[in-house]
Amino acid sequence: MKNREKLLEVKHLQACFPTQRGEVKAINDVSFSIDKGEIVALVGESGSGKSVTALSVIGLNTPSIKYEKNSDISFKGKNLISMKKKQMKKIRGNEISMIFQDPLSSLNPLHPIGRQIAEPIQLHQGLSYIKSREKVIDLLKKVGIPEPEKRLKDYPHQLSGGMRQRIMIAMALACNPSLLIADEPTTALDVTIQAQILNVMRELQKDTGISILLITHDLGVVAEMADRVLVMYGGEIVEEGDVFSIFQNPKHPYTEGLLSSVPKLRGASENRLRTIPGTVPNPLELPKGCNFQTRCSYATEQCSDLSPQLVSNEMNGKVACWHPLEKVNKKVTNFV
Amino acid sequence: MFFKFLFRRLFYVIPMLLITTLVVFSLILLIPGDPALALLGDNATEEKLTLLRAQLGLDQPIMLQYWSWLTHAVQGDLGRSLFTGEFVSEAVFSRLGVTFQVVATAMVISFILGLLFAITSVIKPNSWIDYLARFFGVLGTAIPNFWLAMILVVIFSVNLGWLPATGFTSITEHPVGFFKSVLLPAFCLGSFGAAQITRQLRSSLLEVLESDYIRTAYSKGLLLWPVIWRHGLRNALLPVVTTAGLLFGNMLGATVVIESVFAIPGMGQLAVHSILQRDFPMLQGVVLIMVLMILIINFITDVIYGMLDPRIEFE
């Protein structure tokens, strides 16, 4: 089994953005941790706060963001929130790195890819481009790029979408970081390419033992990759658990909704695709009590009075709900 | 590949030159006034005037005049001045260097000031330096250059006596003298360009700094300055290259005024004299060379663009 050594620990992370119509609470009291070598998926709709949470870890949110005082992100024992820019610079791209959704717009169109991959090596290890060249070729081989020597001088527009995302992965892994944040790494790619990229990531994870924080709204990707799942809704974590219990026995009605809105080929073909009614609440006017109450079919008076806390359950997970689901949902198990 | 591109671009230049010279030729004849009258004076008899017009070929239809000018021009003969008898080609080329030195200096000033203002204003948005840069952007565009020229002459030449008010020294003759004589006119020409470049670069830099690959650059651990220097500036300069090409043409036109104010013996001054004297062959020569220069600059702009942006291929 894995050694359960904590790499990253986020505690009471709370952040808001000042806007002209008041402060928008982007994330509210988010706590979670990532162990060494673990792949944790952060799941949620757009606007659920998953990207803000991830960008907080690498310190790349817009500078206007304001963190609450007791927010704490501890990485290898160092607090990243209070860290000075010059120290943070040594961590970014070196110990924590990130890959993004759209590899074409995330690569500089005017620089050859070899130089772009070499940049973090030059920066953090002080090597010249010539000296880092061997490492770059090695990285390109690892992410499965054929004839890497010939690709060094190629520009992003000369490569396919899958190749570009491989380049991004090579760039992120250039300095052997211990945490990789992957923000919807396959969303912008063709389905056939998605599987290839996930394979590359999984292989590299096995080889290097890197921890991955995977942000996605694609439950297929979650099932394929993750050890543990965090479900976010309205800026809060509403459910946490290992990937099997989440898929087989979701406790939170929102998680259940997410799982049942995945289209299925087997069975139930006469049924229409299920959706979660309504939309994500406006972060400027969050309801009193549970954020999900307006869209939840199990909601009672209690839900509109008090917001539920994230509490541990018997399945070794956590859920924030007054009426956590009990029975195993057959329709859902079909998916896994 | 590149030579094919070069060849094709040269091919475009020929019809371009034909059209522009024809238009200019026709426009010149619309200028009120008669060169024969200007040459012989008000007391000339009608006979003498007719004779002179016939000698100069001015009595022929426009198309014929243009044809005869064109056939000579392709052989390198741009004719002679109606007044001094100088060869037009010699007169124009002797002044071309002067104008080129002034405009090139103005271009350098535009770029230095533009880059300086744009970058500082982007680094500290909504700071006093940002407001100063934006104010300069409006001011440089709005102030007429001849007015600026006169104000600067009053301050730096008349009152302070630091710089000469008129005249020009070539860089090959006396570099320090060149610098002194070129500073005021080049600044007057360049202030508009600097303002344009500031505005353009500021907005394109702001746009570029919002893009995904800048976020990637930060995620590698780069800080603001290296991000701007390595990833922001080159991308942001792409639209500026186009602006700079247009500016060059703009400045060339503005030399007509600036060279007159500072009494610089360049193309602009030659153009003004030729118009005042109705010296048509000379004026046609000046315009031809100016058009040629602008076409060359457009070509250079395209080449620079292709060098900066690998997505553009020379086809």
What does the convex hull of the Cα atoms of chain B come to per residue, in Å³, rounded to a whole number? 171
Long-range amide H partners of residue A:99 with built H, under 5 Å: A:181, A:182, A:183
Of A:204, A:16, A:77, which is farthest towards the positive pole of the range A:6-226's charge dipole, taken about the Cα centre with +1 and -1 on the beta-carbons of Lys, Arg and Asp, Glu respectively? A:77
Determine which residues of the range A:199-243 fall in the zone a paramagnetic label at residue A:279 would reach in this model, i.e. backbone nitrogen under 19 Å from the point 7 Å along Cα→Cβ. A:233-236
Taking only the Cα positions of the range B:91-198, the convex hull volume per residue in Å³ is 112
A chain fully extended from residue B:179 to residue B:6 at 0.36 nm per residue, minus the present Cα-Cα distance, gains in nm 58.8 nm
Once you charge only the Cβ atoms, +1 for Lys and Arg and -1 for Asp and Glu, what is the size of the charge dipole of the range A:236-333 about its Cα centre, to the nearest 20 debye? 520
What are the residues whose amide H is under 5 Å from the amide H of residue B:262, where those residues sit 5 or more places off or on another chain and H is modelled from the backbone? none
Normalising by the residue count of chain A, find the relative contact order in percent from Cα pairs under 8 Å and 6+ residues apart. 20
Once R0 is set to 30 Å, what does the formula 1/(1 + (r/R0)^6) return for the Cβ-Cβ distance between residue A:202 and residue A:131, expressed as a FRET efficiency to the nearest 0.05? 0.50
Do any GluC sites (Glu not before Pro) in the range A:1-110 lie in a loop, going by DSSP, with at most 16 other beta-carbon atoms within 10 Å of their beta carbon, and if so which? A:5, A:45, A:68
Final fewest-first order of B:259, A:314 on the 10 Å Cβ neighbour count is A:314, B:259
Determine, from the Cβ-Cβ distance of residue A:82 and residue A:316 and an R0 of 30 Å, the FRET efficiency 1/(1 + (r/R0)^6), rounded to the nearest 0.05. 0.40
For residue B:14 and residue B:77 in one chain, what is 0.36 nm times their gap in residues minus the Cα-Cα distance, to one decimal in nm? 21.0 nm
Cross-link candidates for residue A:135: which aspartates and glutamates have Cα within less than 13 Å, leaving aside residues fewer than 8 places away along the same chain? A:119, A:149
Most positive-pole-ward Cα, B:239, B:154, A:237, against dipole of the protein assembly as shown from beta carbon charges: A:237
Dipole magnitude of the protein assembly as shown about its Cα centre, charges +1 at Lys/Arg Cβ and -1 at Asp/Glu Cβ only, in debye to the nearest 20? 1820
Under 14 Å from the residue B:170 label point (7 Å along Cα→beta-carbon), backbone N, the range B:65-107: B:90-102
Exactly which chymotrypsin sites (Phe, Trp or Tyr not before Pro) in the range B:128-176 are in a DSSP loop and have at most 13 other Cβ atoms within 10 Å? B:162
Alpha carbons only, please: Rg and Dmax for the range A:236-333, in angstrom. 14.1, 41
How high is the relative contact order of chain B, given as a whole-number percent (alpha carbon pairs under 8 Å, six or more residues apart)? 25
At 7 Å along the Cα-to-beta-carbon direction for both residue B:42 and residue B:203, put a label point, then send me their distance in nm to one decimal. 5.3
Electrostatic dipole magnitude of chain A [Cβ: Lys, Arg +1; Asp, Glu -1; Cα centre; debye, to 20]: 920
Can you check how the C-alpha radius of gyration of the range B:153-280 compares to 2.2 N^0.38 Å, as a plain ratio? 1.48
Can you return the aspartates and glutamates within cross-link range of residue B:4? Criterion is Cα-Cα under 12 Å, with same-chain partners fewer than 8 residues away left out. B:313, B:315
With r defined as the distance between the Cβ atoms of residue A:154 and residue B:59 and R0 fixed at 51 Å, what FRET efficiency is calculated, to the nearest 0.05? 0.15
If I fit a long axis through the Cα atoms of helix A:113-125 and take the longest principal axis of the Cα atoms of chain A, what angle between them do I get, 0 to 90°, rounded to 10? 90
Roughly what angle does helix B:2-30 make with the longest principal axis of chain B, taking Cα atoms, 0 to 90 degrees, to the nearest 10? 50
Normalising by the residue count of the range B:13-87, find the relative contact order in percent from Cα pairs under 8 Å and 6+ residues apart. 21
Sorted from largest down, what three extents in whole angstroms do the Cα atoms of the range B:36-77 have along their principal axes? 38, 19, 11
Sites excluded, trypsin sites (Lys or Arg not before Pro) in DSSP loops with at most 12 other C-beta within 10 Å, longest stretch of chain A: A:154-265
Would you work out which of B:18, B:104, B:72 lies farthest towards the positive end of the dipole of chain B? Charges go on Cβ: Lys and Arg +1, Asp and Glu -1. B:104
Report, by chain and number, residues whose modeled amide H sits under 5 Å from the one on residue A:42, excluding near sequence neighbours (fewer than 5 apart, same chain). A:214, A:215, A:216, A:230
Candidate lysines - alpha carbon under 19 Å from residue A:89, same-chain residues fewer than 8 apart omitted: A:76, A:78, B:220
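Every number in this text was worked out from the coordinates using simple rules, so none of it is lab data. Here the structure is a predicted model, which is why all the values come from computation and not from measurement. So basically every Cβ, Gly included, is an ideal-geometry build from the backbone, and we count neighbours across all protein chains shown.
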